[in-house]
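To start, the structure itself, in structure tokens.
The values are calculated or read from the model by the stated rules, or taken from the named source; none is laboratory data. Keep in mind it's a predicted model, so treat the numbers as computed, not measured. Methodologically, a virtual Cβ is constructed for each residue, glycine included, from the backbone with ideal geometry; neighbour enumeration extends over all protein chains shown. Side chains included, ligands, DNA and RNA excluded: accessible areas come from the protein's heavy atoms. Shrake-Rupley method; radii C 1.70, N 1.55, O 1.52, S 1.80 Å.
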Amino acid sequence: MRALFNNNQITHMLVQNALKLSIVPLMFFVPVFVFQVELESIYDYILEVTRLYSVVIIASLSEKVINSKVVRVGIWIGILNGFYDAITEIVYIDLVISHRFPFADALLDEGLLLVAYGCVIFGLYKHLSKVNKLALLDNLTKCYTRSALSLVPHGHYQLFYLDLDKFKQINDSKGHNVGDQVLTVFGRRLIRCCDEIGYAFRVGGDEFIAIVDINHAENFIERFTKACEVESIEFSYGTAACSHNYFDQAIKEADEDLYEMKMFKASSSPYDFEINTFS
């Protein structure tokens with residue numbers, strides 16, 4: 001599979017854009033130095049033009065890297081601010097605009113920069129929130145993914161490792177579309193039963209984890225079992241108490257219980273399953 005982005009692609013894109021957009025500083029430097037235009041400070045002028053050039057490069061990269069209109073608006077406002085700061089280093093323009101309209105000068109100088117920063121910060125926040133949500137939520141079931149386990153607040157929990165019974169047979173006999181529908185319904189019921197007492201995760205094809213407050217464990221599994229019976233969905237589960245968010249150990253223990261329940265179901269023997277919590 002092709003990588004969406006790799007270091008070589010990004011480096012190539014950066015160099016290519018930097019060369020292509022080098023026309024920007026040339027358009028500012030050449031006329032000033034050829035016609036010996038009077039500047040307030042040659043050093044400030046060089047720095048302002050360089051800043052403008054940098055923001056233009058950022059703008060060219062942002063359109064391909066960050067899909068955020070707010071960020072792009074902020075960057076373009078930053079370009080406008082950089083353009084204004086650069087040309088007002090020219091003495092004649094500074095006298096015509098800055099000295100005659102100090103309030104407008106302050107707005108175009110500092111005001112635009114603040115608006116640009118505000119747009120970029122807000123846009124990046126929204127973009128990163130969206131990326132974070134996509135990374136932490138399973139697209140099909142809307143349960144959390146395994147990577148979200150590290151975000152669970154510390155506490156005393158009961159962990160349930162759940163696995164759909166005969167799911168492969170459903171896929172083979174009725175098709176993957178039906179299998180996806182079963183997963184979707186199972187995930188939604190799991191989320192609803194966790195409600196305000198815990199968290200639902202999809203960690204494999206037909207494997208799920210529920211992490212619920214320890215004092216709601218029995219009520220949770222009873223509610224969830226009844227909800228699945230209504231939908232004619234069969235599942236097996238294992239469970240383990242979990243303290244201090246040691247989820248790896250709890251998952252291992254719950255997986256062993258799950259295997260044990262699967263074996264009992266396969267042997268058609270009665271299985272009396274108890275939830276072991278902290279003493």
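Structure data summary
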read-out: In segment 143-179, residue farthest from the chain's Cα centre (by Cα) [restricted to those that are open to solvent by less than 60 Å² (accessible area, probe 1.4 Å) and among the charged types (D, E, K, R)]; value: Asp165
read-out: Extreme residue, least open to solvent (accessible area, probe 1.4 Å), among residues of segment 181-220 that are touching a residue at least 40 places away in the same chain (Cβ under 8 Å) and of a type in the set (Asp, Glu); value: Asp206
read-out: Some residue of segment 124-139 being touching a residue at least 40 places away in the same chain (Cβ under 8 Å), open to solvent by 20 Å² or more (accessible area, probe 1.4 Å), in contact with a Leu (Cβ under 7 Å, 6 or more places away or on another chain) and not assigned by the TED database to the domain that holds Gly204; value: no
read-out: Enumerated helices (runs of 4 or more DSSP H) restricted to segment 1-112, each holding at least 1 residues that are assigned by the TED database to the domain that holds His127, within 25 Å of Gly123 (Cα to Cα) and open to solvent by less than 70 Å² (accessible area, probe 1.4 Å); value: 7-20, 42-65, 69-87, 102-106
read-out: Residue tally, condition of a type in the set (S, T, N, Q) and not in a helix (DSSP H, G or I), over segment 145-170; value: 2
